[in-house]
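Reviewing the structure listed below.
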Amino acid sequence: MNDKMFEKANELSVQQVDVYTDTRDLLAHARVNARRRGFQDWFICDVDAHHVETVHWHEIIEYIEDPVIREQALMYQKERIGAPPYGLNGDLGLRYQDVGGRIPHQSGQREKTEPGVHRDVTLTRRAMESLGVDVMVVFPTPMLFLGLHPQPEMEVWLGRAYNRWLIERILSADDRIKTMIYLPFNSPDEAVRMVEEFGDAPGVIGFCITSTRHKAVHHNDYMKLYAMIEERGKPLSFHAGYHWQDPSLATVNRFLGMHALGFAWCNIVHMTNWVLNGIPERFPKLKSIWIESGLAWVPFLMQRLDDQYLMRSSEAPHLKRLPSEYMREHCWYTTQPMETHNKKALANTLEMINAETQLLYASDWPHFDFDLPQEISDLPFLSEQAKRNILGLNAARIFGLDTTLRKSL
Amino acid sequence: MAEYLVCGVDDIPEPGHRVVQCGEAEIGVFRFGGEFHAWHNSCAHRQGPVCQGRLYHRVVEPLANDGTVRMLAHDPERLHIVCPWHGYEFDVVTGQSPGDGSLKLRRVELRVQDGEIYAVL
């Protein structure tokens, strides 16, 4: 063949993605897509992304307030072999999110980072740069199980240590990184203390209850906490998680089934208690955000509660309107993992939850079911204003964020 | 139409793949069952870098005559490329998703001549 008739193809530098692949290489297509969609001119806030706090557990335990427990944790981390990070409960070896290595970024991010900048700051910046995000709200990962810990004290010790570490080591390094601080909800007085101590720290834009726990959100013990958060004007979020030991999931043998149900189920239960006990009536200015349960559960629960409520309204005497109205006007929802395969159902869902004002974009990066901003901007049935609201302006409004564009695509 | 020299046929193991840039296009060339197939490196789901994923044989769960199951197995006749973003799988021969036949990768024509693989774009 005449060599003038063809060009030589160039081999891509990354032939096969693995846990060592740089986030910017892995998400290179996302960045191209963001540029093509003109996201440079859109304020985009990612309300739910994650870091793996256990990578730096040795740093976090240094922040444990109790000197005896701190010493115990330090010695455990130093000398114990074959054990998970100090004090954490959870599902240990039941984390199959990477589907046998098919989705490496879920297993680990072992890419190189620059010295002098905290690894989690670097990884978060790389994700923001690639996704086209201006502000990213980060949450922990294994600590999402901490609400099930047999020692309520451990949730306080570790939750407080994590908050301090996050504020001092991560948030202070970059004002584009925000968080909703971890509340040790199993100990209401300590949750109040946490709000007082960290609620006004730079980068703290709200408060987080991890939903995987068996606590009644309507218990009188929590009214002081809700009143305090309402007064501060910052949102309170319920961040979902899964829990395979939940008896209701005892027969589910596939990770995908357990994961699909578990992440919605915990928030379905809490929302039911939240609404039927009239928390939105008692604290009308308290903004609740329901995170990482997807969206399809919302219209299901709206319809279910409305129908049942009208037959048994005497059991929910605080309510002055339908449960769905509280869910639509007093609650906000993050998008991810947005159920997109049935566009007609999705359009109906977004209409029912009043997405134009109540919906907040979230990526959940770096988890296996992460969503890109384009999933909102590509929807054919939303106005451009609705898309801009969902991708950032709704978040700016409820968190009081500066909408100056900070990214560089 | 433009042709791009990808590599020699012996440069791709059996089974295996190579991902290259041809002008503006990224493509993955796959070798399986003695044949070559090429697909655009853009996942039918979210345009992720599907061809830069890992290869797995299709997972099956053989049924016994009485309808029971005992273990999973790999189908040596079917090879999947798995998008590293979200795990969407595609048959490297047909380009189809096993779960939704309407989800397909975009094929790139190949020409093999004198031990070299050319992509036609």
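The values are calculated or read from the model by the stated rules, or taken from the named source; none is laboratory data. Keep in mind that what you see is a predicted model, and the values were worked out from it rather than measured. Every residue, glycine among them, receives a Cβ derived from its backbone with ideal geometry; neighbour counts consider all protein chains shown.
Laid out as a table, the results:
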| read-out | value |
| --- | --- |
| First in segment A:12-29 and at the interface with another protein chain (Cβ under 9 Å from one of its Cβ atoms), second anywhere and of a type in the set (A, V, I, L, M) and in a helix (DSSP H, G or I), Cβ under 6 Å, 6 or more apart | A:V17/A:L26 |
| B:G28 under 14 Å from A:H29 (Cβ atoms), in contact with a Lys or Arg (Cβ under 8 Å, 6 or more places away or on another chain) and either within 11 Å of another protein chain (Cβ to nearest Cβ) or at pLDDT 95 or above (or both) | yes |
| Any hit, segment A:90-104, residues being outside any loop (DSSP other than H, G, I, E, B), modelled with pLDDT of 95 or more, on the phi < 0 side of the Ramachandran plot and within 14 Å of another protein chain (Cβ to nearest Cβ) | yes |
| Residue among A:T210, A:T141 that is under 17 Å from A:N89 (Cβ atoms), among the polar types (S, T, N, Q) and touching a Leu at 6+ places or on another chain (Cβ under 6 Å) | A:T210 |
| The lone exception for A:I353 - which of (1) within 14 Å of another protein chain (Cβ to nearest Cβ); (2) in contact with a helix residue (DSSP H, G or I) (Cβ under 7 Å, 6 or more places away or on another chain) it fails | (1) |
| Within segment A:308-330, tally of residues that are surrounded by 21 or more Cβ atoms within 10 Å (Cβ to Cβ) and among the hydrophobic types (A, V, I, L, M, F, W, C) | 1 |
| Single residue of A:Q77, A:Q40 found to be of a type outside the set (D, E, K, R), over 30 Å from A:E384 (Cβ atoms) and part of a helix (DSSP H, G or I) | A:Q77 |
| Identity of the residue in segment B:96-121, within 12 Å of another protein chain (Cβ to nearest Cβ), part of a loop (DSSP other than H, G, I, E, B) and among the aliphatic types (A, V, I, L, M), that ends up farthest from B:H86 (Cα to Cα) | B:L121 |
| Segment A:35-47: number of residues that are crowded, with 18+ Cβ neighbours inside 10 Å and within 11 Å of another protein chain (Cβ to nearest Cβ) | 0 |
| Test: B:L72 is in contact with a Pro (Cβ under 6 Å, 6 or more places away or on another chain) and more than 8 Å from chain A (Cβ to nearest Cβ) | no |
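The rows are residues; the columns are (1) surrounded by 24 or more Cβ atoms within 10 Å (Cβ to Cβ); (2) of a type outside the set (K, R); (3) away from chain A (no Cβ under 12 Å).
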position: B:C7; (1), (2), (3): no, yes, no
position: B:D10; (1), (2), (3): no, yes, yes
position: B:G16; (1), (2), (3): no, yes, no
position: B:V20; (1), (2), (3): yes, yes, no
position: B:E24; (1), (2), (3): no, yes, no
position: B:F32; (1), (2), (3): no, yes, yes
position: B:H37; (1), (2), (3): no, yes, yes
position: B:H45; (1), (2), (3): no, yes, no
position: B:V50; (1), (2), (3): yes, yes, no
